[in-house]
Amino acid sequence: MPLIQKLLLVGQRIALTSSRMEEERIFQRAVPLLLPIEKFWDLDKMVQEADYLLANENSPADLKTLYKKIYQLAAPYAAKENDRRWLYKKSGLSIVD
């Protein structure tokens with residue numbers, strides 16, 4: 001199964017990018033991901049939805065819920081264990097050691 005390398009940029013907003021960029025400084029964390037293509041499309045759609053909610057000043061609770069879903073979807077595909085644990089923690093889920 002082919003995998004796609006992406007960076008999940010997390011800060012006041014969430015972004016998905018293919019490479020490190022100058023704008024990355026405004027994000028708190030850059031999480032490298034290795035995603036199957038279908039999971040990439042699912043994650044990309046959710047990130048776009050979050051951008052829409054943020055731009056339209058929708059309920060912060062809706063945005064927080066969507067962010068948790070993004071973290072939950074991305075967590076198993078984090079390239080580094082410490083990032084995976086961090087994403088699970090942000091999603092509100094715990095992982096079994």
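Data overview
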{"read-out": "Potential lengthening between Glu57 and Ala79 on full extension [0.36 nm per residue; Cα-Cα distance subtracted]", "value": "4.7 nm"}
{"read-out": "Helix-only [θ]222 nm of the chain, DSSP H runs n ≥ 4, -39500 (n - 2.57) each, per residue, nearest 500", "value": "-15000 deg cm²/dmol"}
{"read-out": "In the chain, lysine pairs with alpha-carbon atoms under 21 angstrom apart (chain gap of 8 or more, or interchain)", "value": "27"}
{"read-out": "Debye intensity ratio in log₁₀ form over the Cα atoms of the chain, taken at each q of 0.12 Å⁻¹", "value": "-0.35"}
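Bear in mind these aren't lab numbers, they're just calculated from the coordinates by the rules spelled out. Everything numeric in this text was worked out from a predicted model, so none of it was measured.
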